[in-house]
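To keep things clear, I will list the structure first and then write my remarks on it.
Please treat every number below as a calculation from the coordinates, not as lab data. Just so it is clear, the structure is predicted and the values come from calculations on it, not from any experiment. Cβ placement follows ideal geometry from the backbone for every residue including glycine, while neighbour counts extend to all protein chains displayed.
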Amino acid sequence: MRHVPDGTLRRLIDEPFAVADRDARHVEGCGRCRARSQRIAEDVATVELFFDVRVPADTDAGLARSRASLIEKPSRQTTWRVRPRRSWRFMGASLSTGASLAAVGVVIVGVAAAATLTTVFAPTQVARVPVSQADVQEITQLMGLNTTTSFDGFRSPSGSEMLPFGMLSWTSSGGAGQVASLADAEAATGLAVTLPTTLPNGVSGVDRYAVMPKVTATIAFGAGAGSRLSGSSLVVSLGPAVAVSYSGATTIDDIGPLAILTVAQPIVTSTGATTNQIENFLLSQPGVPADVAAEIRLLGNLQTTLPIPTPPGASSESTEIDGSPAVVVVDNSNVASGAIWEDHKGVVHAVAGLLDKEDVLSVAQQIG
Amino acid sequence: MGTVLTLSPKARGGALPASTGFEEFFRTEYPLLVRIAYGIVRDPHLAEDVAQDVLIAAQQRFPEPLGSDHAQAWVKVATTHASLNVIRSTRRRRVRLERAPQATPATGPEELAILNEEGREVRIALARMPRHAATVLVLRHSGLSYAEIAEAMEVNIGQVGTMLRRAEARFRKEVDHATRS
């Protein structure tokens, strides 16, 4: 006999007419399901006690207070201003797929740095933020970056690139490269890398270990950034990182069945400019899509949260890995999945491959 | 003091015309958004701030929101997330919430004390829950139907009952934990 699932029992309490007759009849005649339904009803009653609240909302006053910030003709060219408010704020950010991520990343990192003033951006958890490909293209054009700059590193160990409002330069101790063993990778980076002991079906073993040295990137704001920002700079520290790729039966193009990335917490410092100046400048750029800017305000807290790209067409959800917030992304054909989280020691982990969500989470849970 | 970024007109006084489509949307959604926010932050003034900021952001995202299911769904989820951000943020902010009067002025001292304690427990419990679980729980207990929750959270309606059941069980467990602590 098929018992009625918990979700259906739950809905039976709220919307009984939406539940199939056969399920409702089953519950009536099944002692086990009735007992489960009773337990669920008790939980519902408990929760309702806490949410049985009344709060007066003065719509006229709320509208009056908001009028100064509402606009007559919304457009994507809207400027932004900073409104003094209580001692709290919304922050967040946005990313997407492909090489254009670099451009979006610069905006995010800049806002993140601004969020922490002249101190440190050191996120301790992750959160998902969706953006469209159009958003990414707009920001790419804004930043004036070419598409050969990739987000997970730079195309050469050191170099520089002109931005419309300053100069992006980066240095590192060398390029990314392959090493012979996990011990070599750990020695080269100083990272402690945990790998899964039980591999999903279709994944045979480690194919190669790669390391990326720490990269320090500096965005020096020039005259194009205006008099307030000119002369200020953001210093972004990325890596070091260890990438472990696995071989197996399934490979599409160059994508293997499983890859595990371990990377040090990104850290950003800013000098010269204040929080409001940098944040205001970046968000006021006409190329920043309004909806992305809105997400930046509403999702996550950049002081503690690392925004994760959720590509268009993919589904994403928030979960937890060993108590840390994690983001799981599954592509729309359910062929590839990935999970990313930051552990309690400040190390960011990413697990991705041609696996379903359960397999990716299984690997992630082993890493912790 | 922190700041909140808001949109403003480019080179004008900032006055909204006497009546616009967005104003109607604001009037329709505002009371429910305040209730959603209050269910989480348990501070009526803070709840109104959250609702206002979300609606200001919504105007930029949905210039013509009337009749848009997506706009209606977005503001509810954005309010939930923004409110969760408030209770999950810095210690200083949490301290402020602990001190804040969390009821209307007409509330008596005994009832206020109970509400303050209850608000503390709710905030602790919600802050410890996964975001999607806290979201489905708050939206349902703010009066949204399963169909509205499915639309807002972009999930299949068949998943809502399961998500809600798990969220309520977790909430009860977290509240028990918060009560003991």
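Couple of notes before you dig in:
- Count Lys and Arg as plus one, Asp and Glu as minus one, and take only other residues whose Cβ is under 9 Å from that of B:GLN72; the net charge is then -3.
- Shielding by partners, peptide B:80-88 (average Cβ within 10 angstrom, other chains): 4
- Residue-averaged beta-carbon neighbours from other chains (10 angstrom radius) around B:165-173: 5
- Packing-based order for A:178-188, A:349-359, B:151-161, using average beta carbon neighbours within 10 Å, highest first: A:349-359, B:151-161, A:178-188
- Average other protein chain Cβ within 10 Å of Cβ, residues B:56-66: 6
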